[in-house]
Every structure is written in C-alpha cells, then in structure tokens.
1. Looking at the range 21-34, which of its residues are open to solvent by 60 Å² or more (accessible area, probe 1.4 Å) and either modelled with pLDDT under 95 or farther than 25 Å from Lys98 by Cα (or both)?
2. Return only the number of the condition from (1) under 18 Å from Ile12 (Cα atoms); (2) open to solvent by 70 Å² or more (accessible area, probe 1.4 Å); (3) of a type outside the set (Gly, Ala, Ser); (4) in a helix (DSSP H, G or I) that Gln86 does not satisfy.
3. Counting only residues that are open to solvent by less than 60 Å² (accessible area, probe 1.4 Å) and either within 15 Å of Asp90 (Cα to Cα) or not hydrophobic (A, V, I, L, M, F, W, C) (or both), how many does the range 9-20 have?
4. Suppose we filter the range 128-139 for residues that are touching a residue at least 60 places away in the same chain (Cβ under 8 Å) and surrounded by 12 or more Cβ atoms within 10 Å (Cβ to Cβ); how many remain?
5. Here is a check on your reading of the model: is Leu145 closer than 25 Å to Thr76 by Cβ and either small (Gly, Ala, Ser) or open to solvent by 10 Å² or more (accessible area, probe 1.4 Å) (or both)?
6. Yes or no: Glu37 touching a strand residue (DSSP E or B) at 6+ places or on another chain (Cβ under 7 Å) and open to solvent by 20 Å² or more (accessible area, probe 1.4 Å)?
7. Can you say whether Ser93 is within 27 Å of Cys138 (Cα to Cα), among the polar types (S, T, N, Q) and not in a loop (DSSP other than H, G, I, E, B), as far as the supplied structure shows?
8. Can you pull out the residues in the range 40-70 that are open to solvent by 10 Å² or more (accessible area, probe 1.4 Å) and either assigned to a strand (DSSP E or B) or at positive phi (or both)?
Amino acid sequence: MRIMEFLSEKAITADLKSTEKEDILKELVDLLVEAGEIDKKDKGKLIEQLMAREALGSTAIGQGVGIPHTKSGCVTKLVASFGLSQKGVDFDSLDGEKVYVFFLLVAPQDSAGPHLKALARISRLLKDKYFRETLKECKDEKTILKTIFQEDEKKL
C-alpha cells in the first residue's frame, strides 16, 4: 500500500498555525474538508472522534511525528491529510518531544485491514531519520508531495 493511495494531494500544508492538540486536529480536518474528502457538516463529529482516540493514548509516536487517526462513518474510503508545524506542537508525545510532522488518517467504520496497513506504512516510512528530516525541511506543499512520492516509490 502506497501513501499516495490515500493521501489527498489537496490536503497538504507546510504551515500548520496551531499550537494546541485540538486546534491542530481541526486544521488537519479542514484540509480534508477543503479537498472534498469530508463533508463540512461532519467536521465537528470527526474532531470529537479524533479527540476521543487521543484520550485513549497519544498518537504522537515520538521523534517529532504524530499520526492522529480514527474510524468514522464520515468517510467511505481511507483518507489522509498531512501537515507540517514549523514551531512544533506539544502533542503528549511518547518521548516528550514536540511534534512537527502530522499525518491525519480517517478510515471507514468497518475497515480494520486498510486502516492498520496505512498506519504501518506511515510509521515504517517515518522511522527513517533522513526522510523525517527531509520532510521537516520542506517549505511548501509541492516539495512535501514530491518528497512523500519519492519515498513511497522507494520502499514498497
């Protein structure tokens, strides 16, 4: 499974503005709304679901990476947005570090397989320090997309 199979090219930002967990989630969900992947009327419900997931344990996996995710009736297929925070966000990370790289993943209610495969794929790619650092250095959406696409092709 490639990241570009579920990451919407229109749902990428190189400049997340928020500094609080819930506000970051709102920004990442807004990207999906703007990209046409999620209906605007479902935004509040989806943010609630993401915050409920965070209450179970932070989705910040360490090394500056966060992969907030949930299953939701708001989508019929696996979708993702991507955001970079230039300043870093306190996201209750496992290692106590700030998070700079965010992948938001939303899966349909009944899709355990694709959801887990996507999480595994993202975390496997982001274990690569060079890839993480290259992503963090990106200054615009086009460069982010190119960086993810190249890495996606290399490691299948």
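1. Within the range 21-34, just Glu34 meets the criteria.
2. Result: Gln86 fails condition (4) only.
3. 3
4. Kept after step one, since they are touching a residue at least 60 places away in the same chain (Cβ under 8 Å), are these residues of the range 128-139: 129, 132, 136, 138-139.
Then keep just the ones that are surrounded by 12 or more Cβ atoms within 10 Å (Cβ to Cβ); that gives 132, 136, 138.
The qualifying residues number 3.
5. Numbers: closer than 25 Å to Thr76 by Cβ: yes; either small (Gly, Ala, Ser) or open to solvent by 10 Å² or more (accessible area, probe 1.4 Å) (or both): yes.
Answer is yes for this residue.
6. For Glu37, the condition - touching a strand residue (DSSP E or B) at 6+ places or on another chain (Cβ under 7 Å) and open to solvent by 20 Å² or more (accessible area, probe 1.4 Å) - is met.
7. Judged against the criteria, Ser93 is not a match.
8. Across the range 40-70, the qualifying residues are Gly57, Ile61, Gln63, His69, Thr70.
The values are calculated or read from the model by the stated rules, or taken from the named source; none is laboratory data. This one's a predicted model, so the numbers in the text were calculated from it and none came from an experiment. Note that each Cβ is placed from the backbone with ideal geometry, even for glycine, and that neighbours are counted across all protein chains shown. When the accessible area is computed, the model is the full protein with side chains, heavy atoms only, and any ligands, DNA or RNA have been set aside. Shrake-Rupley method; radii C 1.70, N 1.55, O 1.52, S 1.80 Å.
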